[in-house]
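Here's the structure we're looking at; comments come further down.
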Amino acid sequence: MERKKLFSKVKHIMPDEITNIVDVRDIAEQTETRPEKIPDAAPAEPVKKNDTPEFLALKSTFTPSRGDMGGGFCVIFDGATGRTVFQVFWLAKPYATTASIPEVSKDWRNFVKSLPTMGPLDKDWGEKLHSKLKEILTNDEKKKLYENYTRVKLRQFESIVRRSFETVAQCVFTATTEAEPVARSELERAKIIKPLPPTPEELARQKREQEEKEKAEREEREKEEAKKEGNFEGTIIKCTPQIDPVSGKPSSEVVPGDIIGVKIEGEGTSALVNKYLEENNIEPLFPIEEIKETQGKKMIYVKISDEIRGYIAITKDIKIRVKEQPKPEQSGKRASFMGDVFFFGLLGVALVALLFVIRYFFL
């Protein structure tokens, strides 16, 4: 238990730091306040189809056929360059039991966590065997393994490692090796490598997604404000005003009763309303029912139907298209003028008739 506890504190060893084997206890003391460690979570997530496994994890155990020395290692490297990004090498002496051999078929995180069960770390012998591993596992060899890590290639590799270790340790080993493709995203989640800087295309996509998200959130807030401020229990849909920079009416001067042009936005009810207007060739001109101002924003509510209201959120003064309406005074004057014409017309007819009567009786 003590060895497992110490091992759980091992920080990720980055490539520039991989020069020799370090006692786990030394690393634990140096990184007591550092939060980085191999995640204790569930096994690694499988590589997704769209997530190309750019890295390879080489997992191996070398256990004694005769003798009391055994160990294992896990090396994760970039397949394109052979550059090592993570490495753990464990050498136990005395070796514990056969039952404590970690399974190389486990994912690399669980395999690494189970290495201390092999027995107490022997730093001196570990450094000797690790130096031999570095001689064998060159960048070129790692790239070759990445390109072709078939069972035959792995058996060839473990045979070379076993013979090299046996020469140094003067004991007989049985080696078992497996390779596991690892995606960049998995190593990024484990904080072993830093994420790559986004490409211009990714930056543009992220910006577009952020803008769309902010727009959706803003519209949702405005919709809630519209429902709350408008005191209307029917359906409320978002609209934008039709701008008329030449003959439009400033939004600061529009009043309830003005009929303004709008554009109906969104899906659902909004799409149905737009479809109805298009099919019936109706212009989206609706009367202003109510105007409210709050926190520097003007909310204009238009009546689309008895059950549907549209709301427009305006933050600056703009010229809105307003439908011309005849003024009551003009209608009255026109009616009065027509009445006068009718009266004088009748009067003219009467005068003509009177002249005919006078001529008939007196002339």
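Rounded to whole Å, the principal axis extents of the Cα atoms in segment 126-212 read 66, 28, 20, largest first.
Placing unit charges on the Cβ atoms only, positive for Lys and Arg and negative for Asp and Glu, gives segment 117-156 a dipole magnitude near 240 debye about its Cα centre.
Report the full-extension gain for the segment A216 to E265: residue separation times 0.36 nm, less the Cα-Cα distance, to one decimal in nm.
On the way: separation 49, 0.36 × 49 = 17.64 nm, distance 1.19 nm.
The span from A216 to E265 would gain 16.4 nm if fully extended.
Stokes-Einstein diffusion coefficient for segment 68-171 at 10 °C in a medium of 1.306 mPa s, Rh from the Kirkwood formula over Cα pairs: what value in µm²/s?
Details: Rh = 14.4 Å.
D, rounded to a whole number, is 110 µm²/s.
Taking 0.36 nm per residue of sequence separation and removing the Cα-Cα distance, the A99/S65 pair yields an extension gain of 10.9 nm.
Can you work out the base-10 log of I(q)/I(0) for segment 203-320 at q = 0.14, 0.22 1/Å, using the Debye formula on its C-alpha atoms alone? Taken in order of the listed q values, log10 I(q)/I(0) reads -0.61, -1.32. Mean silhouette area of segment 230-289, derived from the convex hull of its C-alpha atoms and averaged over all directions, reads 5.0 nm².
Taking every C-alpha pair closer than 8 Å and separated by at least 6 residues, the mean separation divided by the residue count of segment 99-176 gives a relative contact order of 26 percent. The stretch between I136 and R155, if pulled fully straight at 0.36 nm per residue, gains 5.4 nm over its current Cα-Cα span.
Spin-label pair S252-E290: with each label point 7 Å from Cα along the Cα-Cβ axis, the two points sit 2.5 nm from one another.
Packing-based ranking of 156-167, 100-111, 83-94 yields 83-94, 100-111, 156-167, ordered from highest to lowest mean Cβ neighbour count within 10 Å. Sequence-ordered 3J(HN,Hα) estimates for segment 206-212 from the Karplus curve with 6.51, -1.76 and 1.60 and θ = phi - 60° stand at 4, 5, 5, 5, 5, 5, 5 Hz, glycine and proline given as x.
Would you mind ranking S305, S270, S247 so that the residue whose beta carbon has the fewest other beta carbons within 10 Å leads the list? Could the numbers behind the result be given before it?
Working: S305 12, S270 17, S247 9.
Least crowded to most crowded, the residues run S247, S305, S270.
Which percent, to the nearest 5, of DSSP beta bridges fully inside segment 203-320 are antiparallel? Roughly 85 percent of the DSSP beta bridges within segment 203-320 come out antiparallel.
Bear in mind that the values in this text are calculations on the coordinates, not laboratory data. Keep in mind that this is a model prediction, so the values were computed, not measured. Note that we place each Cβ from the backbone using ideal geometry, even for glycine, and neighbour counts take in every protein chain shown.
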